[in-house]
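For reference, the structure discussed in these notes is given below.
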Amino acid sequence: IGSGFVIGLIAAVPIGPVNLLCVRRTFAYGPLHGFLSGLGAATADVVFATIVGFGFTAIAQLIKSHSTFLQIAGGAMLLIFGVRTFVAHPQLRLDDKLKVKEQDASTLVRAMASTFALAITNPATLLAFTAMFAGVAGLVGGRASYFGAILLIVGVAAGSTTWWFTLTTVAGLFHAKINEGVMTWINRVSGVVITTFGLVVFGHLIWQMF
């Protein structure tokens, strides 16, 4: 479990679009919204860890064979999230009716689903888990078992979840202190950065074509 926990942390910690979305949503709507957004990414990590841990070669190959389509989908979602974040009105967090709406079950599920979709369309994560699991297998002498795979996957889930809980809890400390002007800047900067990630994805795809 310890090795899986570290792998989960390594997969979740790097600052990227999902981290920015979770922090921004925490600032705007509170820690619960941000944490459940993070759980969407953690769920995607568990899916990839399960595929690698149990050796689902056919599924892994299917993901790799459709990597271009997945990258296009992921890049498009980044552009959409980036633009929507940039133009988001900071008044949302100050409007009590809308704020309550942002905490209802359906909205929270959509928040989780959006980050899951964003994370699951990144084939590079599958390759990263393959490399990290191979490293763990090397440390234990290549001995593999279903029980060992389950422990690794549980560890990944725990590590990733711990990161999102810590990140959104810390960000949540500043939630009540952020005014409309600060939220506007957070939206603008986050929107630009997330959109840039999307453009980089498409730039990489175009580069691969030549």
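The values are calculated or read from the model by the stated rules, or taken from the named source; none is laboratory data. None of the values given here were measured: they were computed from a predicted structure. Please note: Cβ atoms are built from the backbone with ideal geometry, for glycine as well, and neighbour counts cover all protein chains shown. Just the protein is used for accessible areas: all its heavy atoms, side chains included, with ligands, DNA and RNA removed. Shrake-Rupley method; radii C 1.70, N 1.55, O 1.52, S 1.80 Å.
Most mobile of ALA171, ALA134, ALA76 per a Gaussian network model of the chain (Cα springs, under 10 Å)?
In this elastic network of the chain, the residue with the biggest mean-square fluctuation among ALA171, ALA134, ALA76 is ALA134.
Relative to the present Cα-Cα distance, how much length would full extension add between ALA117 and ALA58 at 0.36 nm per residue of separation?
Numbers: separation 59, 0.36 × 59 = 21.24 nm, distance 2.07 nm.
Fully extending the segment from ALA117 to ALA58 adds 19.2 nm.
Restricting to DSSP H runs of at least four residues, report the calculated mean residue ellipticity at 222 nm for the chain, -39500 (n - 2.57) per run over all residues, nearest 500 deg cm²/dmol.
Values: 10 runs with 173 residues, N = 210.
That comes out to -27500 deg cm²/dmol.
Of the accessible area of the chain, with the probe set at 1.4 angstrom, what percent is carbon plus sulfur? Don't skip to the end; give the middle numbers.
Details: 8260 of 10940 Å².
So the carbon and sulfur contribution to the accessible surface is 75 percent.
Mind giving me the nanometre distance, one decimal, between the label points for ALA76 and VAL182, set 7 Å out from Cα along Cα→Cβ?
3.7 nm
Using the Kyte-Doolittle scale, which helices in the chain average at least -0.5 and also have C-alpha atoms spread 24 Å or more along the helix axis, with helices defined as whole DSSP H runs?
Numbers: long enough: 31-53 (31 Å, 1.27); 67-87 (30 Å, 1.49); 123-139 (25 Å, 1.66); 146-172 (38 Å, 1.36); 180-209 (44 Å, 1.04).
Helices passing the filter in the chain: 31-53, 67-87, 123-139, 146-172, 180-209.
Is the shape of the stretch 1-86 rounded, prolate or oblate, going by the alpha carbon gyration tensor and its root eigenvalues a ≥ b ≥ c, with a/c under 1.5 for rounded and a/b larger than b/c for prolate? Walk me through the numbers on the way to the answer.
Numbers: a/c = 2.81, a/b = 1.31, b/c = 2.15.
Oblate shape, in that a/c is at least 1.5 and b/c is the bigger or equal ratio.
Could you work out the relative contact order of the chain? I mean the mean sequence separation of Cα pairs under 8 Å and 6+ apart, divided by the number of residues, in percent.
Once divided by the residue count of the chain, the mean separation gives 48 percent.
Just the accessible area per residue of the chain, please: how many Å² with a 1.4 Å probe? It would help to have the intermediate numbers written out before the result.
Details: 10940 Å² over 210 residues.
Solvent-accessible surface per residue comes out at 52 Å².
What nm distance separates the two modelled labels at VAL87 and LEU173, each placed 7 Å from Cα along Cα→Cβ?
For the pair VAL87/LEU173, the computed spacing is 3.6 nm.
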